[in-house]
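Undergrad: After the C-alpha cells below, expect a handful of questions from me.
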Amino acid sequence: TIIEGCDKFCAYCVVPYTRGKERSRTSDSVLNEARRMAESGYTEIQLLGQNVNSYQDPSEKNSFADLLAAIGEIRGIRRVRFTTSHPRDFRRDIVEAIDSVPTLCDHVHLPVQSGSSRVLASMSREYTREQYLDRIALIRAAKNRRISITTDVIVGFPGETEAEFDETLSLLDEVGYDGIFSFKYSARPNTPSLRYADSIPDEEKWRRLQALNAKQREIQIIRFSSHLGEIIEVMVESENVARAQLIGRTSQKKTLN
Ligand code: SF4
C-alpha cells in the first residue's frame, strides 16, 4: 500500500469518512520495501491505494509515474501492477512509464461508474464522460504497448433514466473494455447519496445489470478473440489439479488456463 485514504467524496462511498484523507508513503520507503521483496525472491509487485495514482511523494522526490518506473527497474522484478486509479488524476506520464519500462504490465483499471455526465455529477465523481474518454485516448495512444482497460460500473444510481443507462451501454462500445466489474446500486450507511430517493425499483436494476453484462460479453468475445494465435508470457499463479491445468495471468491481467 503506497497511499491510504481518499479526498474524493463520491456520493455512494463511505471510504473518505472511515479512512480519512489521502496520505502517501515516501517513495524511499516504498522502494526500499520493493527491493527487500525482490531480494527475497518475489517477482511481482502490486501497488495499492484507493486512489493509487493520486500518490504524492511527501518528500517530493517522485511522482506516481516516477515511482512506478523506478519499481519496474528493480533487479528481479518481472511484473508491476497498480490499482485502483481515479480518472481525475490519471495523466499521460503514467502511460509513458508503461510504454518505456517493460516490467510495467499492459493493464489499467480505470473505474468509470456511469457513461452519463449528469449521473457522474450526481455521484460527485469529478469528471465528465468526455474527460473520461480523454483519459482512454491517452491509454490507447501508447506507442509500444497494447494496454488492456477494465472498469467498474454502477447501474441504477438514484435518478438514472433509461437514456442515461443507454449512455453507459454506448460507453462500453466506445471504450471496448477487456473486462468490467458491475454493481447494482444500493444505499450504504453514512454516505451522501442516502439523501437521494433510491428511485429505481430492484427488478429494473437487475434488468440493467443483465443488459450491461450481456453487452460486455459481446465486447469481450471480440477482444479475447484478438489474442488467438498469439504466444503470450504468463505468470503462473495457481493450479487446477482436477483438470491438470496451470492457471496464470497475462500481462494484460487476463486469466489463461
Ligand atoms: Fe474515494 Fe473511490 Fe470511494 Fe470515490 S469510490 S470516495 S474515489 S474510495
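The values are calculated or read from the model by the stated rules, or taken from the named source; none is laboratory data. All figures in this text were calculated on a predicted structure; none of them were measured in a lab. Because the Cβ atoms are built from the backbone with ideal geometry, glycine has one as well, and the counts that use them run over all protein chains shown.
Undergrad: Could you say whether any residue in segment 31-50 is in a loop (DSSP other than H, G, I, E, B) and either modelled with pLDDT under 95 or in contact with a Ser or Thr (Cβ under 7 Å, 6 or more places away or on another chain) (or both)? Before the answer, list the steps.
TA: Restricting attention to segment 31-50, the residues satisfying the condition of being in a loop (DSSP other than H, G, I, E, B) are 40-43, 49-50.
When the remaining residues are screened for being either modelled with pLDDT under 95 or in contact with a Ser or Thr (Cβ under 7 Å, 6 or more places away or on another chain) (or both), the result is 49-50.
Yes: segment 31-50 contains one or more residues that are in a loop (DSSP other than H, G, I, E, B) and either modelled with pLDDT under 95 or in contact with a Ser or Thr (Cβ under 7 Å, 6 or more places away or on another chain) (or both).
Undergrad: Give me a count of the residues in segment 75-112 that are touching a Ser or Thr at 6+ places or on another chain (Cβ under 8 Å) and outside any helix (DSSP H, G or I).
TA: 14
Undergrad: Now, a different point. If only one of Y17, Y12 is of a type in the set (F, W, Y), farther than 23 Å from I149 by Cα and either over 21 Å from the mean Cα position of the chain (by Cα) or away from the ligand (no atom under 16 Å from the Cβ) (or both), which one is it?
TA: One residue alone meets the criteria, Y17.
Undergrad: Does L138 satisfy the condition of being of a type in the set (A, V, I, L, M, F, W, C), closer than 24 Å to R208 by Cα and part of a helix (DSSP H, G or I)?
TA: No: the conditions fail for L138.
Undergrad: While we're on this one: Return the total of residues in segment 20-30 being assigned to a loop (DSSP other than H, G, I, E, B) and either within 16 Å of the ligand (Cβ to nearest atom) or not basic (K, R) (or both).
TA: Residues in segment 20-30 being assigned to a loop (DSSP other than H, G, I, E, B) and either within 16 Å of the ligand (Cβ to nearest atom) or not basic (K, R) (or both): 4 in total.
Undergrad: So A244 fits all but one of (1) closer than 28 Å to V15 by Cβ; (2) at pLDDT 95 or above; (3) over 18 Å from the mean Cα position of the chain (by Cα); what number is the exception?
TA: (1)
Undergrad: From the list E162, E126, pick out the single residue that is surrounded by fewer than 20 Cβ atoms within 10 Å (Cβ to Cβ) and either modelled with pLDDT under 95 or on the phi > 0 side of the Ramachandran plot (or both).
TA: On the way: E162 fails: either modelled with pLDDT under 95 or on the phi > 0 side of the Ramachandran plot (or both).
The conditions single out E126.
Undergrad: Please determine whether any residue of segment 122-129 is of a type outside the set (A, V, I, L, M, F, W, C), over 17 Å from the mean Cα position of the chain (by Cα), within 18 Å of D173 (Cβ to Cβ) and assigned to a helix (DSSP H, G or I).
TA: No: zero hits.
Undergrad: Here is a check on your reading of the model: is L68 part of a helix (DSSP H, G or I), away from the ligand (no atom under 14 Å from the Cβ), touching a residue at least 40 places away in the same chain (Cβ under 8 Å) and not acidic (D, E)?
TA: no
Undergrad: Turning to a different aspect of this structure: Is there any pair with a first residue in segment 44-60 that is under 17 Å from P111 (Cβ atoms) and a second that is exposed (fewer than 15 other Cβ atoms within 10 Å of the Cβ) whose Cβ atoms are under 6 Å apart and which are 6 or more apart or on different chains, and what are they?
TA: Close Cβ pairs (under 6 Å, with a partner that is exposed (fewer than 15 other Cβ atoms within 10 Å of the Cβ)) amount to L48/T1.
Undergrad: Just one of I2, I45 is more than 16 Å from the ligand (Cβ to nearest atom) and either under 28 Å from Y185 (Cα atoms) or surrounded by 12 or more Cβ atoms within 10 Å (Cβ to Cβ) (or both); which is it? Reasoning before the result, please.
TA: Details: I2 fails: more than 16 Å from the ligand (Cβ to nearest atom).
Answer to the check: I45.
Undergrad: Need pairs with beta-carbon distance below 9 Å; first residue under 10 Å from S193 (Cα atoms) and within segment 7-22, second among the aromatic types (F, W, Y) and modelled with pLDDT under 95; sequence gap 6+ or separate chains.
TA: Every condition considered, the pairs that remain are A11/Y196.
Undergrad: Could you tell me which residue of segment 118-150 is farthest from the ligand (Cβ to nearest atom), considering only residues that are closer than 21 Å to T191 by Cβ and without any contact (Cβ under 8 Å) to a residue 60 or more places away in the chain?
TA: For segment 118-150, the residue satisfying everything is R118.
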